[in-house]
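K.L.:
For reference, the structure I am asking about is given below.
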Amino acid sequence: MSHYHWLDRVDRREFLRTVAGATALGVAGDWQATALPARAAARKNFGGKTVRVAASAEYYAVAFRMFREKAEQEYGIKIAPEVIPSHEAYQRVMLEFSSRASSYDIVMFSPQWLADFARHLEPLKPMADAAGLNLSLEDVLPAFRDMYSTWAGRLYAMPFDGDMHILYYNTAAFGSAEYQQRFRDKYGYPLAPPQTWEQYRDMAEFSNGWDWFGDGQKHYGASDGYRPGRTGFWWFMGRFANYGGVYFDEEMRPLINSPNGVKALQNMVEIFQFAPPGSTNFGYTEVETALVKGDVALSTNWTSVARVAEDPNRSKVVGKIGYAMLPGTMIGGKLHRVGSLASGWSLGIPKYSANKEAALHALELYTRPDVSVKISLNPATGVDYTRRSSVESSEARAAWPSAPKFLEVIKASVDVGFPAPLIPGAEEYMKLCGDAMAAAVAKTKGVKQALDDAAREWDRITDRLGRDTQKQLWKAQYDAMKKRGLVYKSLA
Amino acid sequence: MDTTTKAGAKALSLAPATRAALVNGRRPTSRRLAPWLLVAPTLLVMLATSVFPLAYSLVVSFTRYELARETGWEFVGLVNYRDALRDQRFLASAVQTAQIIGPALVTAFVLGFALALLLNRPFGGRGLFVSLLAVPIMVAPTAGAMSFGLMLTPKYGAVNDLLSILVGQRLLIDWLGSPALAKLSVVVVQVWRWAPFYMLVLLAGLQAIPDELYEAGRIDGASPLQLFGFITLPLLRWPALVGLLIGFIDLIKIFDTVYIMTTGGPGGSTETLTFYTYYTGVRFFHVGYGAALSFYVLAAVLLLCVLLVRASGRREEGVA
């Protein structure tokens, strides 16, 4: 069987530029190339031109509707968001791109798809420079800017939703002296927000099946996302990264079935028994609901959950939720603890859009610092912070009493944020890994078997896409990760 | 053509070309084309919507074609078909499809038959009962699956609420959380959809059996069980067979229920043939491989169609 890879049809110069550019990932995207011009003094008016936006969820469409009037007033642009469910976004957008077309002027996509999408997107920097627009890139949190926005050294995406997972805990399960004593008697150490995944497991077990909340109901230990595929991958990734894993070794051999991966998945499987019923199909919203209804003592989820937890209209746990970085692992006597840049959503402009200039202006408006912070503060949008000015803003700090602590957790997590795979086929690698997680949790396969099978599938993807090319692109990503201190920690 | 015909053609004062065609024993061109022109729109639609896509996907199935990669087509012969037979996930999905459609078909058939027997007796409001029982056939499969998905939610679902009332204690059964229960849930939805279909088919079959046959049986001293075994069952054989094959052909393509209720989980335990084919071909754009997988499904469906046609053929011979 003859193998081919996607670069067979790509110009060699383009390939070299791609690899070289990808190598520069995290070091110097073209956002640094020139001094940024001041925002254009005279604003362009597009005379009511409609900019169609592919929003990957209704709560993102809400964000676009928030500033619809502002877009019309400032640029004469009518914003028309259209919801494509996030689980269909990749194929719906890619299907259009593959026929050299796009129904949308702005597409919202996960940065992991950038390797597949980049050739269909307009590089943003030259367009912004030509239009005299300032995208304020220096203000974007570095992890999102450097790892999640550029491909081949060019800026193709503006971060819109700065996703990352953090730890939430219900202080009602931790505060009582009686609970503290019972926990210490059983586990031999104090009951406090978990530092490691082993502690997370113990605390989930301790809190499971009794009424620590004082409402006469039985409560559960922990809620995490176990839904198969991409969704479940995010929860596996948070553990895998904190167990010192990386996706591949230098020779492009999968490491998800390494001892790091096995321990991470074993931890998930053990904690599943302390999760609310129905958790096999839990994703973002279900995990969020379990926390804000006071069903669980612990949870890991995206940062947007905090605003919902503090919203009296939607939450039973207002003022009761604490925040921390994801738990880590003791490796070689040291606590290894990193953040997890799970998913993220960015905005890009398809090459095939008929309204590229208007789209660029809309994109600038919606990612502008003062707009971005307001979108992120609205509990209805589900949008997380992407900008340093947002997490340091007085508005964000005053959002609820414990918000400053929450913002500190975000800053600490993003500084050591572990990225998802950023190579071609990332969506497929992640899906198969998430499926393996789900199989182990459902006990249709053992933990090692599930990961071994997934690793074999990963090898098949790599071979199909071209092992040498994938290897070079992974090396570029891994080099960028190393520069941020994210290196493989062998547990063997 | 004899002289009478020649004379007749001349006498009808036909156009010279038409007359020549008739004289030479051929129909005129316009008359020969007329049937084709009449069926042409249908043929064109069929060619465009069925034949061409089928032929196109057959060609694609012999290539390594990745829609997302701009690699173009690479002819690989039967490699995709060979790879499919080595693909553990594809093989597992075939087994899981059988595990779902087997029990679903048998249960739906038995239930539908029981309902048909009950409804075959005249009673007031029978028409209304039949109409109400047939409602699941009219509900869109996706809407049905979504409703069941909500009803089976552990904490807020109607099923656990009802069971809790029945047993007198709070039950939180995770219907879609374990492989066995998830499979059972998918089977129940299929039974809910298909039992009314069998009820209607078999009820029609029952009502087509002449009363004289039962009267003759009774005169000969046959018991009700004998009447059922020697008259009802043999005469329902063909409607039952056709109904079962239609159900089989439809169920082997089961997708919507799985996609909405379980997304193939938990742990891939409800991943069916079409679901896996969808993920391969549509979600990740391995179009060539996905096409090969779909042809395996098509082959299974065709096999069943052949069985149906042969069964019908035997029936015709039997009648003759």
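Nothing in this text is a laboratory measurement; each read-out follows from the coordinates by a stated rule. Quick caveat: nothing in here was measured; it's all calculated off a predicted structure. Cβ: placed from backbone, ideal geometry, glycine included. Neighbour counts: every protein chain shown.
K.L.:
Arranged by the count of other C-beta atoms within 10 angstrom, fewest first, what order do A:S389, B:S131 take?
P.N.:
So the ranking, lowest neighbour count to highest, is B:S131, A:S389.
K.L.:
Can I ask one more? Taking the 0 to 90 degree range and rounding to the nearest ten, how far is the long axis of helix A:356-366 tilted relative to the main principal axis of chain A, both from C-alpha atoms?
P.N.:
40
K.L.:
Then there's this: Using only DSSP helix segments of four residues or longer, with each worth -39500 (n - 2.57), what per-residue ellipticity at 222 nm results for chain B after dividing by its residue count and rounding to 500? Each step should come with its number before you reach the end.
P.N.:
Values: 17 runs with 224 residues, N = 320.
Result for chain B: -22500 deg cm²/dmol, rounded to the nearest 500.
K.L.:
Another question, then. Using alpha carbons only, how many angstrom separate the centre of the stretch A:162-213 from the centre of the stretch A:325-375?
P.N.:
Here the answer is 31 Å between Cα centres.
K.L.:
Also: List B:M138, A:M147, A:M325 from most exposed to least, where exposure is judged by having the fewest other Cβ atoms within 10 Å. Can you show the working numbers first?
P.N.:
Working: B:M138 8, A:M147 25, A:M325 22.
Listed from fewest to most nearby Cβ atoms, that is B:M138, A:M325, A:M147.
K.L.:
Compute the relative contact order of chain B as a whole-number percentage, counting only Cα pairs closer than 8 Å that sit 6 or more residues apart in sequence.
P.N.:
25
K.L.:
Determine the relative contact order of the stretch A:413-492: mean sequence separation of Cα pairs under 8 Å and six or more apart, normalised by residue count, in whole percent.
P.N.:
Averaging sequence separation for qualifying contacts and normalising by length gives 38 percent for the stretch A:413-492.
K.L.:
Counting alpha carbon pairs within less than 8 Å and at least 6 residues apart, what relative contact order, in whole percent, applies to chain A?
P.N.:
Answer for chain A is 25 percent.
K.L.:
Still on this structure, please answer the following. Under 16 Å Cα to Cα from A:K351, which lysines show up? Leave out anything in the same chain fewer than 8 places away.
P.N.:
Here the lysines satisfying the reach criterion relative to A:K351 are A:K125.
K.L.:
To continue, here is another question. With 10 angstrom as the radius, rank A:K263, A:K44 by how many other C-beta atoms surround their C-beta, starting from the fewest.
P.N.:
Exposure proxy ranking, most exposed first: A:K44, A:K263.
K.L.:
Counting only residues 5 or more places away or on other chains, whose amide H sits under 5 Å from the amide H of B:T270 once H atoms are built in the peptide plane?
P.N.:
B:G265
K.L.:
May I pose another question? Kindly provide the helix-only [θ] at 222 nm of chain A, computed as the sum of -39,500 (n - 2.57) over DSSP H runs of four or more divided by all residues, to the nearest 500 deg cm²/dmol? Walk me through the numbers on the way to the answer.
P.N.:
Working: 21 runs with 217 residues, N = 492.
Calculated at 222 nm, the ellipticity per residue is -13000 deg cm²/dmol.
K.L.:
Continuing with this model, one more query. To the nearest Å, what is the center-to-center distance of the stretch B:243-274 and the stretch B:144-203, using C-alpha atoms only?
P.N.:
Computed from Cα coordinates, the inter-centre distance equals 16 Å.
K.L.:
Based on alpha-carbon positions alone, could you give the equivalent ellipsoid semi-axes of the stretch B:79-319 from the gyration tensor, as √(5λ), descending, whole Å?
P.N.:
Value: 37, 27, 13 Å, ordered largest first.
K.L.:
Still on this structure, I have one more. Using θ = phi - 60° and the Karplus relation 6.51 cos²θ - 1.76 cosθ + 1.60, list the HN-Hα couplings for the stretch B:289-294 in order, rounded to whole Hz, with x at every Gly or Pro.
P.N.:
In residue order, the calculated couplings are 5, x, 5, 4, 4, 5 Hz.
K.L.:
Another question about this same structure. Under 17 Å between alpha carbons, and skipping anything fewer than 8 positions from A:K44 in its own chain: which lysines qualify?
P.N.:
Counting by Cα, and skipping residues close in sequence, A:K44 has these lysines nearby: A:K70, A:K78, A:K356.
K.L.:
With +1 assigned to the C-beta of every Lys and Arg and -1 to the C-beta of every Asp and Glu, and no other charges, what is the dipole magnitude of chain A about the Cα centre in debye, to the nearest 20? Display every interim value, and only then the final one.
P.N.:
Working: 59 positive and 55 negative charges, 98 e Å.
In debye, rounded to 20, chain A gives about 480.
K.L.:
Also, I was wondering about something else. Picking from A:A222, A:V140, B:I100, whose Cα lies most toward the positive end of the charge dipole for the protein assembly as shown (charges on Cβ: Lys, Arg +1; Asp, Glu -1)?
P.N.:
B:I100
K.L.:
Tell me whether the protein assembly as shown comes out rounded, prolate or oblate; compute the Cα gyration tensor, take square roots of the eigenvalues as a ≥ b ≥ c, and use a/c under 1.5 as the rounded threshold.
P.N.:
Note, shape of the protein assembly as shown comes out oblate.
K.L.:
Which of the lysines could a cross-linker span from A:K471 if the Cα-Cα distance has to be under 19 Å and same-chain partners fewer than 8 positions apart are dropped?
P.N.:
List returned: A:K482, A:K483.
K.L.:
Can you tell me the 0 to 90 degree angle between the C-alpha axis of helix A:86-98 and the longest principal axis of chain A, rounded to 10?
P.N.:
The two axes meet at around 30 degrees.
K.L.:
Rank A:L167, A:Y104, A:I375 by how far each Cα sits towards the positive end of the charge dipole of chain A (+1 on Lys, Arg Cβ; -1 on Asp, Glu Cβ) and give me just the farthest.
P.N.:
A:Y104
K.L.:
Given A:A309, A:F117, B:P239, which one lies farthest toward the positive end of the charge dipole of the protein assembly as shown, if we put +1 on the Cβ of every Lys and Arg and -1 on the Cβ of every Asp and Glu?
P.N.:
B:P239
K.L.:
Longer than 22 Å from Cα to Cα, which of A:K218/A:K320; A:K263/A:K334; A:K49/A:K374 are they? Say none if no pair is. Walk me through the intermediate numbers first.
P.N.:
Values: A:K218/A:K320 18 Å; A:K263/A:K334 17 Å; A:K49/A:K374 25 Å.
Exceeds cut-off: A:K49/A:K374.
K.L.:
How big is the dipole moment of the stretch B:79-319 about its Cα centre under a simple scheme where the beta carbon of each Lys and Arg is +1, that of each Asp and Glu is -1, and everything else is neutral? Debye, nearest 20, please. Mind dumping the intermediate values first?
P.N.:
Numbers: 16 positive and 13 negative charges, 80 e Å.
Roughly 380 debye, rounded to the nearest 20.
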